Amino acid sequence: MVTELKFKEVRTQRYVYHLTYSANRESILEKGLIGSNHYEGLDKPVFAHNNPIPSMLWYPYIIDSWDWTSTNQYTLIVDSIYDYLKFQSLSLGYDVWEIDTYKMNNVKWYIDYSAANDFLDGINYPYYVFTEVWIPSSVLRLYTFNEEHICTFKDGVAHIRPDFRPVKY
């Protein structure tokens, strides 16, 4: 159990984000997010990012971004870290699941010190978090990167939706 390992309980932002491959989409829509048993001392943890802005520090981008063999099949011009993140997401097939923590009563979240030590020099800010609770699909919303922004015009006003947005079903 987590308390035996002395993890620090934290209060997260309302929305935290879990990143996974799009091949897991149907299972997550059906069953929600279920943690894995292969973390010693933890009971099926589900890991998330306590930051709503897609970043190169989001795992597994950190590791997968070293795949320099991918080619850009999209019209995307990679000028920035954000563009590179978007390119990797499109080419490697990532989904981002927004978890509404306000819809989950009494769920405890903890700092993921392993990730903080590996990727952020051990900072004590809860950027990487985890819980040992199953997360039902009813509190999840799927986000993905899209190649283009969406622009609509109505009554002389332009509405621009970002390229990182929820998927509608």
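The values are calculated or read from the model by the stated rules, or taken from the named source; none is laboratory data. Keep in mind that what you see is a predicted model, and the values were worked out from it rather than measured. When we count neighbours, we look across all protein chains shown, and the Cβ atoms used for this are built from the backbone with ideal geometry, even at glycine.
Data overview
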{"item": "Tyr128 at pLDDT 85 or above and in contact with a helix residue (DSSP H, G or I) (Cβ under 6 Å, 6 or more places away or on another chain)", "result": "yes"}
{"item": "Subset tally (residues that are among the hydrophobic types (A, V, I, L, M, F, W, C), more than 17 Å from Pro136 (Cβ to Cβ) and surrounded by fewer than 16 Cβ atoms within 10 Å (Cβ to Cβ)) for segment 11-44", "result": "1"}
{"item": "Number of the exception - Arg161 against (1) surrounded by 12 or more Cβ atoms within 10 Å (Cβ to Cβ); (2) out of contact with any His (no Cβ under 9 Å at 6 or more places or on another chain); (3) of a type in the set (Lys, Arg)", "result": "(2)"}
{"item": "Any pair with Cβ under 9 angstrom, 6 or more apart, that starts in segment 91-117 at a residue that is closer than 25 Å to Lys6 by Cα and free of Cβ contacts under 8 Å to residues at least 60 places away in the same chain and ends at one that is aliphatic (A, V, I, L, M) and assigned to a strand (DSSP E or B)", "result": "Met104/Ile135; Val107/Ile135"}
{"item": "Listing of strands (runs of 3 or more DSSP E) fully contained in segment 92-169 that carry 3 or more residues being under 20 Å from Phe47 (Cα atoms)", "result": "94-100, 109-111, 128-131, 140-145"}
{"item": "Thr101 vs. criteria more than 22 Å from Asn37 (Cα to Cα) and buried (at least 17 other Cβ atoms within 10 Å of the Cβ)", "result": "yes"}
{"item": "Matching option when the condition is at pLDDT 70 or above and assigned to a loop (DSSP other than H, G, I, E, B), among Glu40, Glu30", "result": "Glu40"}
{"item": "Residues being among the aliphatic types (A, V, I, L, M) and either farther than 19 Å from Arg25 by Cα or touching a His at 6+ places or on another chain (Cβ under 6 Å) (or both) - total across segment 134-158", "result": "3"}
